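Chemist: Take a look at the following structure, please.
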Amino acid sequence: MKKFTFILTLFATIVLTAFSQEGQFFKAPDFDQIRRDVKEPASSYYYPKLMEKYLNGEAVMTPEEGRHLYFGYVYQEGYIPTDTSTYNNLLAEVLAKKSFSAEDYINILKYSDALLQEDPFNLRALNSKLLVFAQQDNTEAYKKTARKRRIVQDAIVGTGDGMTEKTPYYVIKVSHEYDILPFMGFSFGGEDKILKGNKVNYLSLGKNRFGVERVYFNINPVIEHVTLRGGGKM
């Protein structure tokens, strides 16, 4: 388990370093353009095609395809920014065990798949499936799931560096903020605060080797979705 966690952290560090070089890859999503593209059947970014490609897990998606897939999800009927599934607690209970039985592995996959039905970009669920596939030496399933995780991760970290409120990471669910922290080598420090204007919030971080105190996220899609429906839990 420790070895697996180390591999995930190393993988994330390499990816984030590549994105961080002089900020040259950072680009905030153009939601208006993305909305037009994913709704146009003739577009190469037409959403049903992108989702089919993603779920298949066979082909590598381009960075722009990944961005349209992730951020274009806010314009789909199934988009729900809240994260209240009972499967979250069920999965957490199993993962909290010191060792796993064969039945635990079955349950991890079952709960993860249930979460992915509700949120196809649930990093927690994708990561949990990778844990099982690694233990089972299921190379093909691991590769497909790893591709999905990479697509989601790259879509988020390609939008900013997360170090200031002017260069935040963009996410379409608040839970994605928490789920991506471990990939960056961080742990949640206990403070979650929405800044004035209600578009950006930050998470404080636990002590880390980078000396970073906060990571900023733009949650405008979440705010807009909740506001249009008269408010509610995010």
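Chemist: Look at the stretch 167-189 and say how many of its residues are in a strand (DSSP E or B) and surrounded by fewer than 23 Cβ atoms within 10 Å (Cβ to Cβ).
Modeler: Residues that pass the stated criteria total 2.
Chemist: Here is a list: PHE133, PHE183, PHE121. Which entry is under 15 Å from the mean Cα position of the chain (by Cα) and either at pLDDT below 95 or over 29 Å from GLU77 (Cα atoms) (or both)?
Modeler: From the options PHE133, PHE183, PHE121, the qualifying one is PHE183.
Chemist: With closer than 22 Å to GLY158 by Cβ, out of contact with any helix residue (DSSP H, G or I) (no Cβ under 7 Å at 6 or more places or on another chain) and either surrounded by fewer than 18 Cβ atoms within 10 Å (Cβ to Cβ) or not polar (S, T, N, Q) (or both) as the only criterion, which of ASP37, ASP119, ASP113 stands out? Explain how you work it out, then say what you get.
Modeler: Details: ASP37 fails: out of contact with any helix residue (DSSP H, G or I) (no Cβ under 7 Å at 6 or more places or on another chain); ASP113 fails: closer than 22 Å to GLY158 by Cβ.
ASP119 is the lone residue from the list that is closer than 22 Å to GLY158 by Cβ, out of contact with any helix residue (DSSP H, G or I) (no Cβ under 7 Å at 6 or more places or on another chain) and either surrounded by fewer than 18 Cβ atoms within 10 Å (Cβ to Cβ) or not polar (S, T, N, Q) (or both).
Chemist: Right, something else. Could you tell me which of the residues TYR79, TYR45 is crowded, with 17+ Cβ neighbours inside 10 Å and among the hydroxyl-bearing types (Ser, Thr, Tyr)? Give the derivation first.
Modeler: Details: TYR79 fails: crowded, with 17+ Cβ neighbours inside 10 Å.
Of the residues listed, the single one that is crowded, with 17+ Cβ neighbours inside 10 Å and among the hydroxyl-bearing types (Ser, Thr, Tyr) is TYR45.
Chemist: Right, here's the next one. Would you mind listing the helices (runs of 4 or more DSSP H) fully within the stretch 1-117 where at least 3 residues are of a type in the set (D, E, K, R), at pLDDT 85 or above and more than 20 Å from ASN138 (Cβ to Cβ)? Give the derivation first.
Modeler: Numbers: elements: 2-20, 31-39, 47-56, 63-72, 87-95.
So the answer is 31-39, 47-56, 63-72.
Chemist: Of everything in the stretch 200-211 that's touching a strand residue (DSSP E or B) at 6+ places or on another chain (Cβ under 6 Å) and not hydroxyl-bearing (Ser, Thr, Tyr), which residue is surrounded by the fewest Cβ atoms within 10 Å (Cβ to Cβ)?
Modeler: Here the answer is GLY206.
Residues are listed down the side, and each one gets a yes or a no for (1) buried (at least 19 other Cβ atoms within 10 Å of the Cβ); (2) within 24 Å of ASN88 (Cβ to Cβ); (3) in contact (Cβ under 8 Å) with a residue 60 or more places away in the chain:
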{"position": "LYS129", "(1), (2), (3)": "yes, yes, no"}
{"position": "ILE151", "(1), (2), (3)": "yes, yes, yes"}
{"position": "GLY160", "(1), (2), (3)": "yes, no, yes"}
{"position": "GLU165", "(1), (2), (3)": "no, no, no"}
{"position": "GLU213", "(1), (2), (3)": "no, no, no"}
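Chemist: While we're looking at this one, here's another question. Of the residues that sit in the stretch 28-46 and are more than 22 Å from the chain's Cα centre (by Cα) and not basic (Lys, Arg), which one is nearest to VAL222 (Cα to Cα)?
Modeler: Looking at the filtered set, the residue picked out is GLU40.
Chemist: So which residues in the stretch 198-227 are farther than 17 Å from ASP30 by Cα and assigned to a loop (DSSP other than H, G, I, E, B)?
Modeler: If the condition is that a residue be farther than 17 Å from ASP30 by Cα and assigned to a loop (DSSP other than H, G, I, E, B), then ASN198, GLY206, LYS207, ASN208, ARG209, PHE210, GLY211, VAL212, GLU213 are the ones that fit.
The values are calculated or read from the model by the stated rules, or taken from the named source; none is laboratory data. The model shown is predicted, which means the values in this text are computed figures rather than measured ones. Cβ atoms come from the backbone with ideal geometry, glycine included; neighbour counts cover every protein chain shown.
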